[in-house]
Every structure is written in C-alpha cells, then in structure tokens.
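Remarks on the structure that follows.
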Amino acid sequence: MTYGKVYGLCRVIVMCVIQSPCDNMLRKLLIMISFVCNVGLSAQVLSNVDIIPQPREMSVAHGTFRITRETFVVTGQKELLSVADYFCKYTTDLLGLSLSARKVKSKEIDSIRKAIVLQNLNNGRVSGGYQLEVTNEGILIKGNDAVGVFYGVQTLIQLLPVKAGVLADIPLVTIHDEPRFAYRGMHLDVVRHFFPIAYIKRYIDYMALHKMNYFHWHLTDDQGWRIEMKSYPKLTQIGAYRKGEIEGIYPGLYKELPYGGFYTQEEIKEVIAYAAERFITIIPEIDIPGHCMSVLAAYPEFGTVNDASKECALTWGIYNKFNNVLAPKPEVFSFLKGVFSELCSLFPSPYIHVGGDECAVRWWKESEETQSFMRAHRLKNEKELHRYFIHYVQGVVNAKGKTLVGWDEILEGGVSADCVVMNWRKSAQAVKALKNGHQVIVTPSAYTYLNIKESRRQKELGFPGFLPLEKVYDLPILPDSLSDEQKSRVLGGQGCMWTEYVSTPAELEFALFPRMSALAERLWSFDKDWVRFTQKLQTQFDRYDLWGANYSEAVFRMLDLEHPYR
C-alpha cells in the first residue's frame with residue numbers, strides 16, 4: 001500500500017473516532033497514529049538529522065564525532081571569535097557542555113584536529129552560504145562570508161542533543177547550503193502590547209536560531225508611541241500611554257487599564273548591537289500618515305481638527321471610525337523631517353519603514369484646510385495627497401542614504417520605483433508592484449500573520465479565521481505569471497506578529513511556534529516538502545522545550561481534518 005493510501009485511511013479512521021463516542025484515551029491514541037502515518041512513512045528519512053530550514057545539499061555517513069569539554073572552537077580570523085563565543089555560550093547555557101573559543105594563526109588551521117574549526121572564505125559568493133563537514137577528525141565550517149559561518153554554526157546547533165546531559169555525538173554529515181532569498185524577516189508590534197528589551201532580545205534569538213535576518217520593529221500606532229524622540233519629547237511623555245483597552249473584537253468590552261511604555265534611545269542602541277552580533281538588521285517602522293492617534297494625543301495641532309481632548313486609542317480596529325490622520329500643514333512636515341531624520345541617525349539599517357497603510361481619507365475630505373492645500377498643490381484626490389506624504393518622507397530618508405519601505409497601500413497613489421513594497425494584502429498587489437518596477441517583500445496576511453489562531457478550535461481571542469501550520473508552509477512567494485526579471489526583485493518575505501490579542505511572552509510564543517519554523521524553511525530552502533518538514537517537527541518541539549519556549553501542539557491533534565484550509 002502506498003504512503004498516500006495509508007495516510008488517507010488513517011484520516012478516515014481518525015474522523016470516525018473523533019465523531020463517535022469512545023474512550024478519550026483511545027481517541028487520543030488514534031489521533032497520534034494518524035500523525036505517525038503522516039510523519040513516519042517516508043524511506044527518505046535521515047535519522048537524527050532534523051534541520052530547519054532544510055539545507056540545499058546534505059549527505060550522511062555512518063558514524064559520529066563526539067564534542068566534549070576538551071573540544072575547542074577555533075578560528076584564525078578575529079572577526080569570527082564572536083561567532084565561536086556564541087556557540088560556546090549555547091552549549092554551556094543550554095546543555096551544560098562548557099566549551100572554549102581560541103584564536104590561532106591562520107597557517108595552523110589546516111593541521112588542527114579534534115576541534116570545531118570556523119573559516120570565513122570571503123569568496124564573494126552568495127551571502128550566508130556555507131559548508132559544514134563533520135568527520136571522525138573534527139568539524140569544519142566554511143562560510144562565504146562571516147554570516148555564512150554563523151549560519152553554519154546554527155546548523156551545527158541543530159545537530160546537538162536537545163536535552164542537557166545527553167552526549168554530543170554529531171552525525172558525520174556533509175552540507176552545502178545557501179539561502180534562497182536575501183530577506184527573511186519577522187515583524188513584532190510592540191504598540192498594542194509592550195514587550196521589554198529583555199524579551200526583544202529573546203525574540204531576536206529565536207530569529208537567529210532559524211537563520212532569519214531582518215527584524216521589522218513596529219514602534220508607533222494609534223495605541224502608543226514606543227520610541228524616544230529627542231526632537232519631540234511629548235511623543236513619549238504623553239503619546240506612550242493610554243487609559244485602557246478593550247477585551248475581544250471591536251467594539252469589545254472596554255476596561256480601565258493605565259498602560260504604556262517606551263524604549264529610550266540607549267536601549268534601542270543596545271538592541272541594535274545585540275541583533276548585529278547575530279547578523280540581524282532592524283527595520284524600524286513609524287506609521288504615517290494614518291495610524292497617528294498617539295501623535296495627535298501629544299500634538300493635537302498636527303491633526304485636521306485641533307482637538308485638545310485627543311488621546312491614544314483605547315480600542316483596536318479604529319480604521320475609518322476615529323480621526324487618526326495627519327494634516328498637510330507646515331508644522332507637520334517639519335515634524336516628519338525631524339522624526340525621520342532622527343530615526344535614520346539612530347538605526348544603521350539601509351531600510352526605514354513608513355507604514356502608509358489603512359489611511360482613512362474621509363477626515364481629509366471633511367477638512368476645508370486640507371482641501372485648500374490639495375488645490376494649492378494641484379492634487380486631484382486624497383490618494384495623491386497620501387502619495388505627497390509618502391514622497392515627502394522618502395525625500396528625508398533618501399537624503400540620509402536610506403531606502404523607504406511601505407505597506408502595499410503606497411501603490412495606490414503612485415510612488416517612485418525605488419520604494420520597496422511590503423505586500424500584506426493579496427498577491428495581486430505584489431504582482432502590481434513588481435510590474436511597476438518595485439522590489440517586494442512578501443508578507444500576505446492570509447499566510448504570514450502569525451497572530452491569527454492556528455486552529456479553528458482554539459478558544460483564545462483573536463482575529464476571525466485560522467491559519468494552520470500547513471498553510472504557512474504553503475506560502476506562495478513567486479507567482480508563475482512573473483518574468484524572471486520581475487522574480488529577481490522579490491527580496492524575500494516575513495512573518496508578522498500583531499499584538500492586539502497577544503499581551504504576554506507565553507501568548508506570543510504560542511502563536512509563533514511552530515509556524516515561524518515553517519516560514520523560515522520556506523524563505524531559506526530551495527525546495528518545499530511538507531511531509532519532510534513534518535518528520536522534523538518532534539525534534540523541533542524538543543528544541544522549543546530546551547529553549548524554554550512556549551508553543552502550540554495543534555498540528556499533533558489533527559482535529560481540523562474535516563475542514564482543510566484549502
């Protein structure tokens with residue numbers, strides 16, 4: 001009987017059991033049998049080698065190399081000492097295996113045995129590419145560049161035991177690997193709910209462990225302003241705090257809950273340095289010209305109506321319900337120049353995110369002052385006014401040597417081709433952007449918004465709908481309708497974590513894992529194999545336990561079989 005027939009039979013058995021009265025233990029057992037049918041019937045399994053994301057080329061030989069306390073991590077290049085120290089810290093902190101890093105003379109590298117050797121080839125090939133070879137004589141990691149060495153170390157980490165005390169017998173593997181896409185990102189909204197610096201670092205660690213390299217930090221929105229701006233101090237003195245929030249979907253149930261927080265510039269610099277050590281670039285987002293209730297709470301004169309009673313939003317989902325747009329005034333453009341200039345000086349990233357999404361134009365239509373500005377500047381409609389705002393900020397950002405990124409609404413008024421479009425709606429917007437000459441980052445909400453519940457049977461509050469693990473793994477990145485030249489302008493993709501209904505690290509991680517692992521594989525690996533990915537999940541769940549991470553087990557329960565996402 002073929003794998004497909006066995007798996008299909010198991011699905012039928014499971015559905016019969018789920019839908020009929022029977023002993024709970026038997027029901028759970030049969031559900032697990034179905035999962036085993038999914039993950040255990042392939043003859044292609046490479047025992048004890050469960051690497052996520054899947055390497056491009058890998059072979060496994062018989063035997064192992066044991067890492068012990070006497071095994072040194074050595075390099076002949078000073079810039080790799082931090083990578084060596086990173087690996088030693090991982091084995092010491094999580095496995096109790098204390099290792100030491102050593103710098104040796106470059107000419108001695110080839111003669112070293114029984115060690116873990118790191119080499120940066122600086123060969124100009126694909127950034128992040130690496131080779132990892134484990135033999136009876138030791139472990140050798142060669143990277144096309146320093147980040148490639150770091151990714152080789154991440155693969156070695158996944159060859160380590162997943163429990164402290166287990167001897168570190170590393171299978172004899174030869175791996176040649178490189179990323180498919182240059183941009184592999186994760187986003188985090190710290191506005192709706194705030195997360196301290198210590199947890200931001202933990203989030204960055206999770207990204208590094210998955211070979212992800214861009215952290216999109218959503219720092220401002222209607223419910224709060226989370227970054228210190230020395231040029232406009234009231235943004236955090238007033239705009240970082242709100243009086244309460246709602247429980248549930250809008251309009252929800254309001255409750256008094258004084259809430260707030262922000263990051264100082266010194267804390268921001270600390271996080272930037274932490275991420276850089278893990279070869280992760282931070283892209284900051286200040287969302288304009290909509291989503292600006294926190295700005296208007298601090299500076300009400302920046303709105304279309306100078307309302308001194310304006311305050312940070314107390315609810316989610318306020319699009320087109322509350323006036324949250326900036327007005328086209330001289331003092332507003334001075335504000336934008338000051339804030340984005342300060343942002344560019346603080347963040348070394350080549351990219352600055354302007355937001356640009358969900359800007360309700362009704363407030364501009366109702367403002368005679370705004371309409372007068374539009375007539376004076378020959379703007380035919382509010383979409384062209386939206387473009388005016390985006391173009392103004394682009395000029396500020398470009399003058400600082402940066403590239404502007406925006407959500408796909410920036411296409412509606414027309415923007416210059418050197419803006420990067422982040423596609424969060426349907427694939428049609430990505431195709432439009434590519435045909436207009438833009439570079440694109442793919443993050444369609446239906447596949448990558450990990451704040452959406454994984455299973456329809458979850459009881460937690462969340463957005464309508466559900467996003468199962470398999471659908472995340474199915475992320476469509478390169479539509480067939482594109483030419484090769486257009487496909488070359490797809491930088492990659494990212495997952496998004498919006499926090500309206502995610503208020504604690506435990507809740508965040510429950511939403512994050514294992515779906516972030518699936519996304520990481522889609523953005524790194526050249527081929528897609530769902531069955532192979534599921535075969536690696538049990539080991540990956542053991543890694544989550546080792547890391548102390550919370551996670552969802554919905555994929556094991558298989559209770560959504562009667563309603564596949566397709």
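The values are calculated or read from the model by the stated rules, or taken from the named source; none is laboratory data. Computed from a predicted structure; not experimentally measured. Cβ placement follows ideal geometry from the backbone for every residue including glycine, while neighbour counts extend to all protein chains displayed.
What the table shows:
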item: Members of the range 310-325 found to be in contact (Cβ under 8 Å) with a residue 60 or more places away in the chain and under 29 Å from the mean Cα position of the chain (by Cα), listed by number; result: CYS312, ALA313, LEU314, THR315, TRP316, GLY317, ILE318, ASN324
item: Enumeration of residues in the range 158-204 that are among the hydroxyl-bearing types (Ser, Thr, Tyr) and in contact with a strand residue (DSSP E or B) (Cβ under 7 Å, 6 or more places away or on another chain); result: THR174, TYR183, TYR203
item: Qualifying positions in the range 307-316 - small (Gly, Ala, Ser) and surrounded by fewer than 16 Cβ atoms within 10 Å (Cβ to Cβ); result: ALA308, SER309
item: Residue in the range 221-229 that is over 16 Å from TRP316 (Cβ atoms) and among the polar types (S, T, N, Q) present; result: no
item: The listed residue being at pLDDT below 95, more than 22 Å from the chain's Cα centre (by Cα), surrounded by fewer than 15 Cβ atoms within 10 Å (Cβ to Cβ) and not hydroxyl-bearing (Ser, Thr, Tyr), out of GLY414, GLY401; result: GLY414
item: Criterion (modelled with pLDDT of 95 or more and surrounded by 19 or more Cβ atoms within 10 Å (Cβ to Cβ)) met by exactly one of LEU172, LEU156, LEU167; result: LEU156
item: Odd one out for LEU140 among (1) in a loop (DSSP other than H, G, I, E, B); (2) closer than 27 Å to GLN54 by Cα; result: (1)
item: Criterion violated by LYS321 - all others in (1) of a type in the set (D, E, K, R); (2) more than 26 Å from ILE452 (Cβ to Cβ); (3) assigned to a loop (DSSP other than H, G, I, E, B) satisfied; result: (2)
item: Residue match in the range 431-449 (condition: under 21 Å from PHE556 (Cα atoms), surrounded by fewer than 19 Cβ atoms within 10 Å (Cβ to Cβ), within 21 Å of the chain's Cα centre (by Cα) and in contact (Cβ under 8 Å) with a residue 12 or more places away in the chain); result: no
item: Considering residues of the range 124-136 that are in contact with a strand residue (DSSP E or B) (Cβ under 9 Å, 6 or more places away or on another chain) and not in a strand (DSSP E or B) only, the residue surrounded by the fewest Cβ atoms within 10 Å (Cβ to Cβ); result: ASN136
item: Test: residue in the range 222-241 that is out of contact with any Lys or Arg (no Cβ under 7 Å at 6 or more places or on another chain) and closer than 30 Å to LYS487 by Cα; result: no
item: Residue ranges of helices (runs of 4 or more DSSP H) in the range 468-566 with at least 1 members modelled with pLDDT of 95 or more and exposed (fewer than 15 other Cβ atoms within 10 Å of the Cβ); result: 484-487, 505-512, 530-535, 537-547
item: Some residue of the range 270-288 being surrounded by fewer than 18 Cβ atoms within 10 Å (Cβ to Cβ) and in contact with a Leu (Cβ under 8 Å, 6 or more places away or on another chain); result: no
item: Residues satisfying the stated conditions in the range 338-381, i.e. surrounded by 13 or more Cβ atoms within 10 Å (Cβ to Cβ), part of a loop (DSSP other than H, G, I, E, B) and among the charged types (D, E, K, R); result: ASP357, GLU358
item: Residues of the range 179-200 satisfying the condition of being surrounded by fewer than 20 Cβ atoms within 10 Å (Cβ to Cβ), of a type outside the set (Phe, Trp, Tyr) and outside any helix (DSSP H, G or I); result: ARG180, ALA182, PRO196
item: Options ILE283, ILE246; residue that is in contact with a strand residue (DSSP E or B) (Cβ under 8 Å, 6 or more places away or on another chain) and modelled with pLDDT under 95; result: ILE246
item: Hits in the range 382-412 (condition: of a type in the set (A, V, I, L, M) and part of a strand (DSSP E or B)); result: LEU404, VAL405
item: Filter pass, ASP145 being crowded, with 18+ Cβ neighbours inside 10 Å, of a type outside the set (A, V, I, L, M) and either in contact (Cβ under 8 Å) with a residue 40 or more places away in the chain or within 30 Å of SER445 (Cβ to Cβ) (or both); result: no
item: The range 91-115, residues that are farther than 15 Å from LEU156 by Cα and within 30 Å of the chain's Cα centre (by Cα); result: ASP93, GLY96
